[in-house]
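Single-structure report; data block below.
The values are calculated or read from the model by the stated rules, or taken from the named source; none is laboratory data. Computed from a predicted model, the values in this text were never measured in an experiment. In this analysis, Cβ positions are derived from the backbone assuming ideal geometry, glycine residues included, and neighbour counts consider all displayed protein chains. The protein model used for the area step is the full one, side chains on, heavy atoms only, and it has no ligands, DNA or RNA in it. Shrake-Rupley method; radii C 1.70, N 1.55, O 1.52, S 1.80 Å.
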Amino acid sequence: MIIVSAFQNTSSELLIREYSYTKVLLPNDKIKDFEKLKSYIANSNFIFCFGQKPNIKNKVCIEVIAKKDKKSVGTNFDISKLEAEFLRNGVSFIESFNPGNSFCNELYYKALEYVYENNIDCKIIFIHIPFQKNIERMDDFTLKINNSLKFYSDL
(Lines give C-alpha, C1' and ligand atoms only; values in the text may rest on other atoms or scores of the structure.)
Protein backbone atom coordinates (compact mmCIF):
# COMPACT_ATOMS: atom_id res chain seq x y z
CA MET A 1 0.00 0.00 0.00
CA ILE A 2 1.15 3.52 -0.84
CA ILE A 3 0.51 6.45 1.47
CA VAL A 4 1.00 10.09 0.50
CA SER A 5 1.08 12.71 3.22
CA ALA A 6 1.05 16.48 3.07
CA PHE A 7 0.74 19.39 5.43
CA GLN A 8 -2.62 21.17 5.38
CA ASN A 9 -2.88 24.49 3.57
CA THR A 10 0.41 24.11 1.68
CA SER A 11 1.42 23.41 -1.89
CA SER A 12 1.98 19.80 -0.83
CA GLU A 13 -1.74 19.46 -0.04
CA LEU A 14 -2.55 20.77 -3.52
CA LEU A 15 -0.13 18.24 -4.98
CA ILE A 16 -1.75 15.14 -3.46
CA ARG A 17 -5.36 16.32 -3.67
CA GLU A 18 -6.18 14.37 -6.85
CA TYR A 19 -4.02 11.31 -6.16
CA SER A 20 -5.78 7.98 -5.78
CA TYR A 21 -3.49 6.77 -2.99
CA THR A 22 -4.44 6.87 0.66
CA LYS A 23 -3.91 10.48 1.74
CA VAL A 24 -2.87 11.69 5.17
CA LEU A 25 -3.30 15.43 5.74
CA LEU A 26 -1.14 16.64 8.59
CA PRO A 27 -2.17 19.50 10.92
CA ASN A 28 1.23 21.27 11.14
CA ASP A 29 1.81 20.22 14.72
CA LYS A 30 5.12 18.57 15.64
CA ILE A 31 3.43 16.03 17.93
CA LYS A 32 0.12 15.43 16.13
CA ASP A 33 1.75 15.10 12.69
CA PHE A 34 3.69 11.99 13.64
CA GLU A 35 0.86 10.52 15.70
CA LYS A 36 -1.42 10.77 12.68
CA LEU A 37 1.11 9.24 10.26
CA LYS A 38 2.22 6.54 12.73
CA SER A 39 -1.09 4.70 12.48
CA TYR A 40 -0.40 4.02 8.78
CA ILE A 41 3.23 2.92 8.94
CA ALA A 42 2.89 -0.76 9.89
CA ASN A 43 0.39 -1.48 7.09
CA SER A 44 2.15 0.41 4.30
CA ASN A 45 4.85 -0.51 1.83
CA PHE A 46 5.77 3.04 0.85
CA ILE A 47 5.12 6.41 2.43
CA PHE A 48 5.79 9.56 0.44
CA CYS A 49 5.78 12.58 2.73
CA PHE A 50 5.48 15.91 0.95
CA GLY A 51 6.25 19.34 2.32
CA GLN A 52 7.02 22.71 0.81
CA LYS A 53 10.32 24.54 0.57
CA PRO A 54 10.56 28.23 -0.31
CA ASN A 55 13.82 28.38 -2.24
CA ILE A 56 13.21 25.85 -5.03
CA LYS A 57 11.38 26.34 -8.31
CA ASN A 58 9.80 23.75 -10.62
CA LYS A 59 11.71 20.87 -9.02
CA VAL A 60 11.58 18.64 -5.98
CA CYS A 61 14.08 18.23 -3.20
CA ILE A 62 14.61 14.65 -2.03
CA GLU A 63 15.57 14.59 1.64
CA VAL A 64 18.18 11.88 2.12
CA ILE A 65 18.41 12.20 5.91
CA ALA A 66 16.53 13.58 8.89
CA LYS A 67 18.24 15.17 11.89
CA LYS A 68 17.45 15.72 15.54
CA ASP A 69 19.86 17.34 17.94
CA LYS A 70 23.24 15.91 16.87
CA LYS A 71 21.84 12.67 15.51
CA SER A 72 20.84 11.90 11.96
CA VAL A 73 19.01 9.00 10.37
CA GLY A 74 19.07 8.09 6.70
CA THR A 75 16.08 7.10 4.66
CA ASN A 76 15.43 3.42 4.07
CA PHE A 77 14.08 4.27 0.61
CA ASP A 78 15.99 3.31 -2.55
CA ILE A 79 16.63 6.82 -3.81
CA SER A 80 18.25 5.70 -7.05
CA LYS A 81 15.00 4.03 -8.19
CA LEU A 82 12.99 7.11 -7.26
CA GLU A 83 15.39 9.36 -9.14
CA ALA A 84 15.18 7.07 -12.18
CA GLU A 85 11.38 7.39 -12.13
CA PHE A 86 11.62 11.16 -11.75
CA LEU A 87 13.98 11.33 -14.74
CA ARG A 88 11.71 9.07 -16.81
CA ASN A 89 8.73 11.31 -16.06
CA GLY A 90 10.45 14.67 -16.47
CA VAL A 91 10.58 15.66 -12.79
CA SER A 92 13.59 17.83 -11.97
CA PHE A 93 15.11 17.07 -8.58
CA ILE A 94 17.98 17.66 -6.21
CA GLU A 95 19.15 15.65 -3.22
CA SER A 96 19.38 17.33 0.15
CA PHE A 97 21.33 16.35 3.25
CA ASN A 98 20.06 19.38 5.16
CA PRO A 99 16.44 18.75 6.16
CA GLY A 100 16.21 21.91 8.26
CA ASN A 101 14.48 22.26 11.61
CA SER A 102 10.88 22.45 10.47
CA PHE A 103 7.78 20.34 10.94
CA CYS A 104 8.95 18.37 7.90
CA ASN A 105 12.21 17.25 9.45
CA GLU A 106 10.54 16.46 12.79
CA LEU A 107 7.99 14.21 11.10
CA TYR A 108 10.61 12.53 8.94
CA TYR A 109 12.96 11.86 11.85
CA LYS A 110 10.24 10.39 14.07
CA ALA A 111 8.86 8.22 11.26
CA LEU A 112 12.26 6.81 10.30
CA GLU A 113 13.22 6.27 13.93
CA TYR A 114 9.93 4.42 14.52
CA VAL A 115 10.47 2.18 11.48
CA TYR A 116 14.04 1.30 12.48
CA GLU A 117 13.30 0.74 16.18
CA ASN A 118 10.35 -1.53 15.39
CA ASN A 119 11.83 -3.37 12.38
CA ILE A 120 8.93 -2.37 10.15
CA ASP A 121 9.27 -3.00 6.43
CA CYS A 122 7.88 0.32 5.27
CA LYS A 123 9.98 2.59 3.07
CA ILE A 124 9.69 6.29 3.88
CA ILE A 125 10.89 9.28 1.88
CA PHE A 126 10.38 12.99 2.40
CA ILE A 127 10.14 15.18 -0.67
CA HIS A 128 9.96 18.95 -0.60
CA ILE A 129 8.16 20.69 -3.42
CA PRO A 130 8.17 24.42 -4.19
CA PHE A 131 5.63 26.90 -2.90
CA GLN A 132 2.73 27.07 -5.36
CA LYS A 133 3.93 30.44 -6.71
CA ASN A 134 7.23 28.73 -7.71
CA ILE A 135 5.53 26.06 -9.81
CA GLU A 136 4.82 27.22 -13.37
CA ARG A 137 2.14 24.62 -14.15
CA MET A 138 0.78 22.92 -11.05
CA ASP A 139 -1.36 20.46 -13.02
CA ASP A 140 1.62 19.28 -15.10
CA PHE A 141 3.90 19.16 -12.05
CA THR A 142 1.30 17.10 -10.14
CA LEU A 143 0.83 14.68 -13.04
CA LYS A 144 4.58 14.06 -13.50
CA ILE A 145 5.06 13.26 -9.83
CA ASN A 146 1.98 11.04 -9.79
CA ASN A 147 3.29 9.14 -12.82
CA SER A 148 6.57 8.63 -10.98
CA LEU A 149 4.77 7.19 -7.96
CA LYS A 150 2.84 4.68 -10.08
CA PHE A 151 6.05 2.64 -10.35
CA TYR A 152 5.66 1.78 -6.66
CA SER A 153 2.10 0.45 -7.09
CA ASP A 154 3.51 -2.55 -8.92
CA LEU A 155 6.08 -3.48 -6.28
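Points to keep in mind about this one:
- Restricting 76, 101 to residues that are under 19 Å from residue 6 (Cα atoms) and either within 12 Å of the chain's Cα centre (by Cα) or of a type outside the set (Ser, Thr, Tyr) (or both) narrows the list to 101.
Residues checked against (1) in contact with a strand residue (DSSP E or B) (Cβ under 7 Å, 6 or more places away or on another chain); (2) polar (S, T, N, Q); (3) on the phi > 0 side of the Ramachandran plot; (4) modelled with pLDDT of 95 or more:
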position	(1), (2), (3), (4)
88	no, no, no, yes
93	yes, no, no, yes
105	yes, yes, no, no
114	no, no, no, yes
126	yes, no, no, yes
135	no, no, no, yes
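- Among (1) outside any strand (DSSP E or B); (2) farther than 24 Å from residue 137 by Cα; (3) open to solvent by 10 Å² or more (accessible area, probe 1.4 Å); (4) among the hydroxyl-bearing types (Ser, Thr, Tyr), the one test that residue 44 misses: (3)
- Residue ID - farthest from the chain's Cα centre (by Cα), chosen from residues in the stretch 18-41 that are free of Cβ contacts under 8 Å to residues at least 12 places away in the same chain and assigned to a loop (DSSP other than H, G, I, E, B): 31
- Residue that is nearest to residue 57 (Cα to Cα) [pool: residues in the stretch 124-136 that are touching a helix residue (DSSP H, G or I) at 6+ places or on another chain (Cβ under 9 Å) and surrounded by fewer than 18 Cβ atoms within 10 Å (Cβ to Cβ)]: 134
- Count of residues meeting criterion [free of Cβ contacts under 8 Å to residues at least 60 places away in the same chain, in a strand (DSSP E or B) and either open to solvent by less than 50 Å² (accessible area, probe 1.4 Å) or at positive phi (or both)] in the stretch 49-69: 1
- Only a single item in (1) part of a helix (DSSP H, G or I); (2) within 21 Å of residue 58 (Cα to Cα) is not met by residue 112, and it is number (2).
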